[in-house]
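The values are calculated or read from the model by the stated rules, or taken from the named source; none is laboratory data. Keep in mind that what you see is a predicted model, and the values were worked out from it rather than measured. Here the Cβ is made from the backbone with ideal geometry for all residues, glycine too, and neighbour counts use every protein chain on show. The accessibility values were calculated without ligands, DNA or RNA, using every heavy atom of the protein model including side chains. Shrake-Rupley method; radii C 1.70, N 1.55, O 1.52, S 1.80 Å.
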Amino acid sequence: MDRQPRLVTMGPARIASLRKPGGAHKYDHGHAVILSGGAGATGAARLAARAALRIGAGLVTLGVPPAAQLEVAAHETAVMLMRIQDAQTLNARLEDARISALCLGPGLGVDRAGPLLARALVDARCPLVIDADALTAIGKDGALMAALHSGCLLTPHMGEFARMFPDIEVPDAVTPRAAALRRAAERAGCTILLKGAETLIAGPDGTCYRHSATGDRAAPWLATAGAGDVLAGIITGLIARGHAPIDAAATGAWLHAEAARLFGPGLVAEDLPEVLPRVLSRLGV
Ligand SMILES: NC(=O)C1=CN([C@@H]2O[C@H](COP(=O)(O)OP(=O)(O)OC[C@H]3O[C@@H](n4cnc5c(N)ncnc54)[C@H](OP(=O)(O)O)[C@@H]3O)[C@@H](O)[C@H]2O)[C@@H](O)CC1
Ligand SMILES: Nc1ncnc2c1ncn2[C@@H]1O[C@H](COP(=O)(O)OP(=O)(O)O)[C@@H](O)[C@H]1O
């Protein structure tokens, strides 16, 4: 196997995978569900939901605890809501076989994330995008780590990675960093996207991609609160549309940086989903 990670580029196949064929209906483009935190902590999941919708998931639903329903409803229009109080309600909701991607973590709170993730790992019939507080929950509970499977995609920043894999050192240089990430992905049995200006993605089979937001593709304004929540949403939307987790991660990393570059200085996280249509149209999607 090639030990150098493959550079993510936006070639014809990746562009074609973003198009929507004529004649399809919304369910053909998948249903993404994103679990939200409680009242006062819904922003991160809302950012992710907006991004999933903008990248073309046919339906996007936020799973909100009842106390946060009014807050979320006051902000969202095209994004739908379902009440998800706890792991038991999640279990019932996951019986809908049309749900094609589930995202857990942004703004969820570590205490809410643990039981919801434990339930989703067993009951969800769709891929899981596991981010933010759900990653921290994995770092605290070996049973969650042991329950990860090939339908999972973890999207840690360096701090979250260290919480989950405290014994795996992450070197600065790309090649040894990719080797460290491959070890982590093999151990977890799932795909991992390690965020940063150099984003690396490794599958459990050793496949590895690199997305470089450096040099003439630098995107320093991505260092802003909520940018990672938007990335999780873009990837969830792509998975909902049928992309394999590792392809969704690679395409998502490219689109995320491109949106930031197109918007330019002054970017805040909520700008990212809104600039995606321009990114897509410049690609000829
Ligand atoms: N609009 C909203 O509603 C938003 C809501 N959000 C939601 O808030 C929740 C908690 O988010 P959070 O930022 O407190 O947790 P987290 O990122 O783990 O930071 C904790 C510590 O980790 C470290 N650390 C962080 N980044 C690192 C890195 N790249 N590389 C290395 N280390 C890094 C750093 O530790 P230090 O380095 O300072 O010791 C930091 O102090 C979560 O649910 C999220 O989704 C946010 O997304 C913002 C927008
Ligand atoms: N200097 C940078 N250059 C390019 N991309 C960056 C830079 N800083 C952060 N990013 C990207 O922005 C996102 C930040 O995510 P994260 O740290 O999870 O923030 P949050 O939790 O606030 O959403 C990641 O996708 C990361 O790759």
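How would Thr199, Thr214, Thr9 line up by accessible area, probe 1.4 Å, largest first?
The ranking, largest first, comes out as Thr9, Thr214, Thr199.
Can you pull the percent of the chain's accessible area that's carbon plus sulfur, 1.4 Å probe, other chains left in place?
In the chain, the share of accessible area belonging to carbon and sulfur is 53 percent.
For the range 30-172, what does the accessible surface come to per residue with a 1.4 Å probe? Please give it in Å².
Per-residue value: 39 Å².
In the chain, which Cys residues have no partner Cys with a Cβ closer than 4.7 Å?
Cys103, Cys126, Cys208
Output the antiparallel fraction of DSSP beta bridges having both residues in the chain, as a percent to the nearest 5.
Beta bridges within the chain, antiparallel portion: roughly 25 percent.
Dividing the alpha-carbon Rg of the range 57-128 by 2.2 N^0.38 Å yields what?
The reported ratio for this selection is 1.06.
Under a 5 Å amide H to amide H cut-off, with H placed in plane at 1.01 Å, what residues pair with Asp96 once short-range neighbours are removed?
Sorted by chain and number, the residues that satisfy this come to none at all.
Using alpha-carbon pairs under 8 Å, 6+ residues apart, how would you state the relative contact order of the range 1-140 in percent?
24
What do you get for Rg/Rh of the chain when both radii come from the Cα atoms and Rh is the Kirkwood radius?
0.94
Counting only other residues whose beta carbon sits under 15 Å from that of Ile234, what net charge do I get with K and R as +1, D and E as -1?
Combined, the nearby Lys, Arg, Asp and Glu give +1.
In the Gaussian network model of the chain, springs joining C-alpha atoms below 10 Å, which of Thr236, Thr136, Thr175 carries the largest mean-square fluctuation?
Thr175
I'd like the Karplus ³J(HN,Hα) series for the range 130-147: coefficients 6.51, -1.76, 1.60, θ = phi - 60°, whole numbers in Hz, and an x wherever there's a Gly or Pro.
Each residue of the range 130-147 in turn: 10, 9, 6, 5, 6, 6, 4, 5, 4, x, 8, 9, x, 5, 5, 4, 5, 8 Hz.
Over the chain, what is the mean sequence separation of C-alpha contacts under 8 Å (at least six apart), divided by residue count, expressed as relative contact order in percent?
In percent, rounded to a whole number, it is 22.
I need two numbers for the range 52-194: Rg to one decimal and Dmax as a whole number, Cα atoms only, in Å.
In order Rg, Dmax, the Cα atoms of the range 52-194 give 16.0, 48 Å.
Per-residue ellipticity at 222 nm for the chain, helices alone: DSSP H runs ≥ 4 residues times -39500 (n - 2.57), over residue total, nearest 500 deg cm²/dmol?
Value at 222 nm, helices only, nearest 500: -13500 deg cm²/dmol.
At 1.4 Å probe size, with no ligands or nucleic acids counted, give the accessible surface of Arg119 in Å², nearest ten.
Spelled out: Arg119, probe radius 1.4 Å, area about 90 Å².
First check a/c for the range 159-285, with a ≥ b ≥ c the square roots of the eigenvalues of its C-alpha gyration tensor; if it is under 1.5, answer rounded, and if not, answer prolate when a/b is larger than b/c or oblate otherwise.
Cα axes put the range 159-285 in the prolate bin.
I want the local charge near Asp131. Using Cβ-Cβ distances under 12 Å, sum +1 for each Lys or Arg and -1 for each Asp or Glu among the other residues.
Around Asp131, the surrounding residues sum to -2.
Would you mind calculating the gained length between Ile168 and Lys26 on full extension (0.36 nm times residue separation, minus the Cα-Cα distance), in nm to one decimal?
Net length gain for the segment: 46.9 nm.
Antiparallel versus total DSSP beta bridges in the range 101-235: what percent is that, nearest 5?
Close to 50 percent.
Let me check against my output: what whole-number percent is the relative contact order of the range 171-243, with C-alpha pairs under 8 Å and at least 6 apart?
19 percent.
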